[in-house]
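Working notes, structure below.
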Amino acid sequence: MHNAQTPTAEIAHTAARMVVEEGLEYGPAKRRAVRQLGLNARTALPDNDAVELAVREYIELFCADTQPDELAALRRLALLWMQRLAVFRPHLAGAVWHGTATRLSDIYIQLFCDDSKTAEITLIDQKVDYEPRSVPGFTGERVEALSISAHCAELGEVIGVHLLVHDLDDLRGALKPDSKGRKPRGDTPAVAALVNNQAP
């Protein structure tokens, strides 16, 4: 069966396994899949949509009994942090928003505020330990990320919660549908609706 797959499809399925079983992000998972499959480093990589589809298939095959509860727990934890940081117009993105997260997935919350320092001051006031770093934002420019290790009692895991601080002006562009016509991120009421409806 493997022989019938194109290298791109094989990379997507191998990467998907790493995403689900090890909690890797899509980029590193794709690059490691190329090495693991012994392919040329210049082999064309699948796009993120192809990896996401493979992740959904993998979850359906191997994690259907555990993943819905793990996703629900992560969404409840995300909602808690969004409520704590409501003043910064938080939006949930990534696997926890799209429904492909497992207990190994991190939570990505995008904040929109006039001054990135105010988000840091709020965390300090709330006595939250965080690690500041710089990451690429959804606009392509680098943004400040405040990374927190949050204990999730439901899962018995420490979950990485990453707060990506964007300019207030970026909020309009943040709500444009993605290539599949889906909302790429959701605000607090949208996440609360997911939590209450238990929708994937």
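Each value in this text was obtained by applying a stated rule to the coordinates, not by laboratory testing. These numbers were taken from a predicted model, which means no experiment stands behind them. No Cβ is skipped: glycine too gets one built from the backbone with ideal geometry, and neighbour counts run over all protein chains shown.
Quick look at the numbers
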item	result
Nearest 10 degrees, 0 to 90: helix 67-84 Cα axis against the chain principal axis	30
Gained length - E154 relative to L61, 0.36 nm times residue gap less alpha-carbon distance	31.1 nm
The chain: relative contact order as a whole-number percent, Cα under 8 Å and 6+ apart	19
Stokes-Einstein translational diffusion, the chain - Kirkwood Rh over all Cα pairs, 0.890 mPa s, 25 °C, in µm²/s	138
Loop sites in the range 111-181: GluC sites (Glu not before Pro), DSSP, at most 11 other Cβ within 10 Å	E141
Residues V165, V195, V135, V96, sorted so that the one with the fewest Cβ neighbours within 10 Å comes first	V135, V195, V165, V96
Residue order, fewest to most surrounding Cβ atoms within 10 angstrom, among S147, S105	S147, S105
Dipole-positive endmost among N197, G137, S149 within the chain (Cβ charges, Cα centre)	G137
Proximal lysines relative to K176, as straight alpha-carbon distance under 17 Å, when same-chain residues fewer than 8 apart are discounted	none
Whichever aspartates and glutamates have a C-alpha closer than 17 Å to that of K180, once near sequence neighbours (fewer than 8 apart) are set aside	D47, D49, E52
Burial ordering of R17, R42, fewest other beta-carbon atoms within 10 Å first	R42, R17
Amide H within-cut-off set for G137, under 5 Å, with H built and near neighbours excluded	R142, V143
